[in-house]
Amino acid sequence: DEQRRRPVPNRADFGELPYAERIKHCDRPENVTGPTDTAWNEINAHLGTTVSSLTELIEQLGQHTFGHIPRVGDCFCGGGSIPFEAARIGCQSFGSDLNPVAGLLTWAGLNLLGGGKDVQEEVSRVQAEVFAAVDRQIIEWQIEHNDRGERAEAFLYCVEVKPEGCDYYIPLAPSWVITEKYRKVAIWKRVSGSDRLQPEVITVSEVELKLYKDKKGATVVDSRVIDPFDPNRSWSIEALRGPEGLRRWTNDDFVPRTEDVFQERLYCIRWAKMVTEINDKGREVTKLVRRYAAPDANDLTREAKVLKLLRECFTDWQREGFIPSKTIPERGAETDRLFRERGWTHWHHLFTPRQLLLHGVILTIYANSTSFAARVSGLVLMGKICDNDSRLCGWNPHFSKGPGSSNHVFTNQALNTVISYAGKCLADCNFEILKPDVYQTCSIQVANSISISDARDLQEHCDLWVTDPPYADAVNYHELGDFFLAWYEKQLVKAFPEWTPDARAELAVRGDGEDFRRTMVEIYRNLATHMPDNGLQMVMFTHQNPAVWADLGMILWAAGLKATAAWTISTETEAVGIKKGNYVQGTVCLVLRKRTAGVPGFLDEVYPLVEDEVKRQIESMQALDEDGEPNFNDADYQLAAYAAALKVLTQYGTLDGRDVEHEVFAVRIRNEKSDFQIVIERALGIACEMLVPRGLDN
């Protein structure tokens, strides 16, 4: 909104602005009317078409090129943006993924966001009705209200431990700052005759707040537990777990048992209520008043009531799939830490009793909806809720310089156990997953389909395959997806009986050297088989390691594809929070076509061709860098050099007489480089020489 209030420059001034400034004055294409009739006349004259809309243009160009409306596919569809955007402009679309979580998100994009105004309004109406019903249940249970007329907004928990030689439990947190805006912090006091410390929430001065932000009172520093009353005493957290490790929780565990090493406690509640006051002008005004307080006896009684209510419905809810029943798979890069650091064995252990009760009652009411679209939207919403309301959600005391808020689980792409965390109230779980004012013009009319399949086994034909493949040091999506799938499992089968409710981790593409390369060759060879000779693929790739780029090049080479174009687009703009430092700001888009002729290549001829292509690529990017504000940094030019090398290398069927399969799967000694990697590193050297400022020695 702030950007929209800025004065829009005239066309001449606009043309003089740096790229980063231009986009601040621009809307996305779907949010503006046009093109004008005059513009369409120019477009039709240029393309030989007779159209007046983008969908008509897609249809006519598709008929001319393929004999039908073009079909776009993505075999790693993930969140579904590629099938959604393809369908939105008028292409038929196909999306597939191994993980049914990806299938759910892709279906939701095509059929909820793309379902038109009626579907969106129905989903929003049902969501409002569901939360009204849940609100009535919460009020009846009286688990979010106190006798002061306040309603809880946030519940702050922490882990506590009683080290050997210490006669009290130490609450654990790297900081006890609760909210910077209101200067609230938690302190701990000893209670005579008790081995549990008593929390107290106090208001501190600005000077004191800075000390607390600088670890004053912190009881965990560098993976060591610090005695709050004797900072010279500390214990290693790893040692506290013991040589045998932690007790493994059972399905019936919701909170730690008394004999467990790590306990859990509620130490602060943020309360709120509407208060009517008379302002300075004598007018009556109503405002929200917040209060931060340590839990009293009544609050702890409500916590016990929550646990009792959960136990009463737990078995039935697990059987019906309203709360998770899946076990956490062992021997996973991400899941191992859940056993090691907390002893958790089931996915529901990642949620407090209050969270399980709240999430479960939301899903039970959604399940009673007569609308299929609304029931599916409830699953999508639950994914959003769980990502923002679990034991893995740390507390952020400076969120938006406001009252504080919980982080979401995947602040990075990992399952991080945290020692102090927060739970949300009902109102904060009512996320708006559809925004009719934004998407009301999006009504997808073309054919689309979704498959939960191994990309090696696909039989679907597409004219264009657009993919963002797993990288060689891939994020473990098959493990992370289970966090959501545990909540979807049984309800997903009811909605989509043909889908397998399992991430099928054994089939996932892994970054394991030869296995990774072999799997990727099989996938891209299969995609090439299932596209016409005049079809194309686009592969989006971001990585700074030349060895990984060499692997990618050989994979595409072995799959029978050649790169015919490559360019870098800026994907980390200021609008989405640009990273600082030498991070890649762009993604390379490789356009690939079938290599129909096995032209032989020779290294002595390849090097000068690579040099020319790298120079063309770098110069085209430098042309976008304006007014001393480059859109690309050194890492992006490095990517461009790699892509340029691939564009040359993949034209050939052999390289110095060696066939593709031999190069891809050749066994090499440690640190031995393939010819592909040598050429790619040479391309990087060429790019670096081009980027040396004039007047400096190379």
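The values are calculated or read from the model by the stated rules, or taken from the named source; none is laboratory data. Fair warning: this is a prediction, and the values are worked out from it, not measured in the lab. Here the Cβ is made from the backbone with ideal geometry for all residues, glycine too, and neighbour counts use every protein chain on show. Just so you know, the surface numbers come from the protein's heavy atoms only, side chains and all, with ligands and any DNA or RNA stripped out. Shrake-Rupley method; radii C 1.70, N 1.55, O 1.52, S 1.80 Å.
Overview of values
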{"item": "Boolean, GLN491 is at pLDDT 90 or above, outside any loop (DSSP other than H, G, I, E, B), over 30 Å from GLU330 (Cα atoms) and of a type outside the set (A, V, I, L, M)", "result": "no"}
{"item": "Checking SER205 against (1) touching a strand residue (DSSP E or B) at 6+ places or on another chain (Cβ under 9 Å); (2) modelled with pLDDT of 95 or more; (3) farther than 26 Å from PHE262 by Cα, the condition it does not meet", "result": "(1)"}
{"item": "Region 128-137, subset surrounded by fewer than 14 Cβ atoms within 10 Å (Cβ to Cβ) and of a type in the set (A, V, I, L, M, F, W, C), residue farthest from PRO295 (Cα to Cα)", "result": "ALA128"}
{"item": "Selection within region 282-297 - open to solvent by 80 Å² or more (accessible area, probe 1.4 Å) and in contact (Cβ under 8 Å) with a residue 60 or more places away in the chain", "result": "ARG290"}
{"item": "Flag if LEU415 is open to solvent by less than 20 Å² (accessible area, probe 1.4 Å) and assigned to a loop (DSSP other than H, G, I, E, B)", "result": "yes"}
{"item": "Residue ID - modelled with the lowest pLDDT, chosen from residues in region 1-60 that are open to solvent by less than 70 Å² (accessible area, probe 1.4 Å) and aromatic (Phe, Trp, Tyr)", "result": "PHE14"}
{"item": "Region 380-407: number of residues that are open to solvent by less than 10 Å² (accessible area, probe 1.4 Å) and in contact with a Leu (Cβ under 7 Å, 6 or more places away or on another chain)", "result": "4"}
{"item": "Flag for VAL123 being within 30 Å of TRP107 (Cα to Cα), part of a helix (DSSP H, G or I) and hydrophobic (A, V, I, L, M, F, W, C)", "result": "yes"}
{"item": "Count of region 138-148 residues which are closer than 16 Å to LEU310 by Cβ and either open to solvent by 50 Å² or more (accessible area, probe 1.4 Å) or outside any helix (DSSP H, G or I) (or both)", "result": "4"}
{"item": "Pairs with Cβ under 7 Å, 6+ apart, first in region 117-139 and over 13 Å from ASN430 (Cβ atoms), second open to solvent by 50 Å² or more (accessible area, probe 1.4 Å)", "result": "LYS117/GLN440; GLN120/TYR439; GLN120/GLN440"}
{"item": "Any hit, region 683-692, residues being within 30 Å of ARG22 (Cβ to Cβ), at pLDDT 85 or above and among the hydrophobic types (A, V, I, L, M, F, W, C)", "result": "no"}
{"item": "Subset of region 345-374 that is surrounded by fewer than 22 Cβ atoms within 10 Å (Cβ to Cβ) and in a loop (DSSP other than H, G, I, E, B) - its residue that is modelled with the lowest pLDDT", "result": "THR370"}
{"item": "Residues of region 495-523 classified as in a helix (DSSP H, G or I) and touching a residue at least 40 places away in the same chain (Cβ under 8 Å), total", "result": "12"}
{"item": "Residue check, SER406 over 20 Å from ARG136 (Cβ atoms), touching a Pro at 6+ places or on another chain (Cβ under 9 Å) and hydroxyl-bearing (Ser, Thr, Tyr)", "result": "no"}
{"item": "Candidates GLY103, GLY78, GLY90, filtered to the one that is of a type outside the set (Ser, Thr, Tyr), closer than 30 Å to GLU522 by Cβ, open to solvent by less than 50 Å² (accessible area, probe 1.4 Å) and not in a helix (DSSP H, G or I)", "result": "GLY78"}
{"item": "Test: VAL159 is more than 30 Å from VAL275 (Cα to Cα), aliphatic (A, V, I, L, M) and not in a helix (DSSP H, G or I)", "result": "yes"}
{"item": "Counted residues, region 116-127 - those being within 29 Å of LEU61 (Cβ to Cβ) and open to solvent by less than 30 Å² (accessible area, probe 1.4 Å)", "result": "1"}
{"item": "Evaluation of PHE410 against (1) open to solvent by 30 Å² or more (accessible area, probe 1.4 Å); (2) over 18 Å from ARG342 (Cβ atoms); (3) at pLDDT below 95; (4) not polar (S, T, N, Q) (one fails), failing number", "result": "(2)"}
{"item": "Single condition THR65 does not satisfy, out of (1) open to solvent by 60 Å² or more (accessible area, probe 1.4 Å); (2) without any contact (Cβ under 8 Å) to a residue 60 or more places away in the chain", "result": "(2)"}
{"item": "Filtered residue count, region 640-673, keeping only those that are at pLDDT 75 or above and open to solvent by less than 70 Å² (accessible area, probe 1.4 Å)", "result": "18"}
{"item": "Subset tally (residues that are touching a Leu at 6+ places or on another chain (Cβ under 8 Å), in a loop (DSSP other than H, G, I, E, B) and open to solvent by less than 50 Å² (accessible area, probe 1.4 Å)) for region 251-281", "result": "3"}
{"item": "Subset of region 201-250 [open to solvent by 50 Å² or more (accessible area, probe 1.4 Å), among the charged types (D, E, K, R) and within 36 Å of the chain's Cα centre (by Cα)]", "result": "GLU206, LYS210, LYS213, ASP214, LYS215, LYS216, ASP222, ARG224, GLU238, GLU244, ARG247, ARG248"}
{"item": "Output for region 484-498, where each listed residue is open to solvent by 20 Å² or more (accessible area, probe 1.4 Å) and over 21 Å from the mean Cα position of the chain (by Cα)", "result": "LYS490, GLN491, VAL493, LYS494, ALA495, PRO497, GLU498"}
{"item": "Extreme residue, nearest to TRP235 (Cα to Cα), among residues of region 149-173 that are of a type outside the set (Gly, Ala, Ser) and loosely packed, with under 15 Cβ neighbours inside 10 Å", "result": "GLU164"}
{"item": "Candidate set: region 601-621, residues that are within 16 Å of ALA563 (Cα to Cα) and either open to solvent by less than 30 Å² (accessible area, probe 1.4 Å) or modelled with pLDDT under 85 (or both); chosen: the one nearest to the chain's Cα centre (by Cα)", "result": "GLN617"}
{"item": "Residue satisfying condition, being among the small types (Gly, Ala, Ser), part of a loop (DSSP other than H, G, I, E, B) and over 17 Å from the mean Cα position of the chain (by Cα), within set SER377, SER325, SER390", "result": "SER325"}
{"item": "Criterion violated by VAL185 - all others in (1) open to solvent by less than 10 Å² (accessible area, probe 1.4 Å); (2) touching a helix residue (DSSP H, G or I) at 6+ places or on another chain (Cβ under 6 Å); (3) touching a residue at least 40 places away in the same chain (Cβ under 8 Å) satisfied", "result": "(3)"}
